[in-house]
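Enquirer: Just dropping this structure here.
The values are calculated or read from the model by the stated rules, or taken from the named source; none is laboratory data. Every value quoted in this text rests on a predicted model; they were computed, and no experiment measured them. Every residue, glycine among them, receives a Cβ derived from its backbone with ideal geometry; neighbour counts consider all protein chains shown. Note: accessible area is taken over every heavy atom of the protein model, side chains too, but ligands, DNA and RNA are not part of it. Shrake-Rupley method; radii C 1.70, N 1.55, O 1.52, S 1.80 Å.
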Amino acid sequence: IHNGAHNVTVPPVKPTGYHPSRPFLFTMGYVNRKKNFLTLIQLLPGTSFELIVAGKEDDPNYVSRMKEEAVKLGVSDQLKILGPVPEEDKAWYFNHCEAFLFPSLAEGFGAPAVEAMAFGKPLFLSDKTSLPEIGGEAAFYFNSFEADQMRKVFNEGMKIYREQPGLKEKIKNRAKDFNWETNAKKYLEVYHSML
């Protein structure tokens, strides 16, 4: 029985904080090694995408490494590490991103992935720990964090997403599986079966 995820607020017309002026990729969570956000920077060279990273900067050394990697790859103007953002802004980023990326190496559940699915955006997840169980067939998976492999998964996934109009609804429907009301009833059924 899965956890539920809270409903993300209705997106505002524009965010109260950073407002990107070009297409962007979005990720969120504690910014630390296990979230593996550093690997996403290698998707930026040769594209016009910004990468927006929202969430508490949990490991200052890791944040510094991300910025150094962006400088090394010549994409420092494309990396935006915002820190925590209000719920309204988070909803705006989910609603307007080109894709949600979550290469985490250690997840107990993966609530940000579920929140992103509610908006029907293409979802690129790590194939580690709980994430394949959460994304199911509604997500694309990074099974390597080498630059060429990640680019291949991303480019092929975006092509599939654009060419299959029903995929957006499939992703939204997958999000509905993670509903506290439904899943609480399932827990009750288990408890009753044990009496």
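Enquirer: Give me the 1.4 Å probe accessible area per residue for the chain, excluding ligands and nucleic acids, in Å².
Expert: Spelled out: the 1.4 Å probe surface of the chain, per residue, equals 51 Å².
Enquirer: Over 12 Å, how big is the tail of the calculated P(r) for the range 25-69, in percent of all Cα pairs?
Expert: I get 59 percent for the Cα pairs in the range 25-69 exceeding 12 Å.
Enquirer: Distance between the C-alpha centers of the range 136-150 and the range 89-118? Whole Å please.
Expert: The range 136-150 and the range 89-118 have Cα centres spaced 15 Å from each other.
Enquirer: Moving on. With charges set only on the Cβ (+1 for Lys and Arg, -1 for Asp and Glu), what does the dipole of the chain come to about its Cα centre, in debye to the nearest 20?
Expert: Its charge dipole is roughly 180 debye.
Enquirer: If I histogram all Cα-Cα distances within the chain using bins 10 Å wide from 0, what percent of pairs lands in each bin?
Expert: 9, 36, 37, 13, 4, 1, 0
Enquirer: Sticking with this structure for a sec: Dipole magnitude of the range 38-93 about its Cα centre, charges +1 at Lys/Arg Cβ and -1 at Asp/Glu Cβ only, in debye to the nearest 20?
Expert: Charge dipole, the range 38-93, about its Cα centre: 200 debye, nearest 20.
Enquirer: For a 22 Å ceiling on Cα separation, which of these pairs sit above it: K14/K121; K80/K159; K121/K176; K14/K90; K90/K176; K35/K170?
Expert: On the way: K14/K121 18 Å; K80/K159 25 Å; K121/K176 14 Å; K14/K90 11 Å; K90/K176 19 Å; K35/K170 26 Å.
As for pairs spanning more than 22 Å Cα to Cα, those are K80/K159; K35/K170.
Enquirer: Ok, one more. For K14 paired with K168, estimate the spin-label separation in nm (one decimal), with each label point 7 Å from Cα along the Cα-to-Cβ line.
Expert: So the label points at K14 and K168 sit 2.3 nm apart.
Enquirer: Projecting each Cα onto the charge dipole of the chain (Lys/Arg +1, Asp/Glu -1 at the beta carbon, about the Cα centre), which of F142, V75, F102 comes out farthest on the positive side?
Expert: The Cα lying farthest towards the positive end belongs to V75.
Enquirer: Which values of log₁₀ I(q)/I(0), to two decimal places, follow from the Debye formula for the range 79-170 at q = 0.21 Å⁻¹ with a uniform point scatterer at every Cα?
Expert: Relative scattering, expressed as log10 I(q)/I(0), comes to -1.13.
Enquirer: Ignoring any ligand, DNA or RNA, what whole percent of the accessible area of the range 1-137 comes from carbon and sulfur when the probe is 1.4 angstrom?
Expert: Working: 2940 of 5750 Å².
Summing carbon and sulfur atoms, their accessible area is 51 percent of the total for the range 1-137.
Enquirer: Still on this structure: Any idea what Rg and Dmax come out to for the range 100-154 if you just take the C-alpha atoms, in Å?
Expert: In Å, with Rg to one decimal and Dmax whole: 10.4, 29.
Enquirer: How big is Rg to Rh over the range 80-125, alpha-carbon atoms, Rh as the Kirkwood inverse-mean-distance radius?
Expert: Radius of gyration relative to Kirkwood radius: 0.94.
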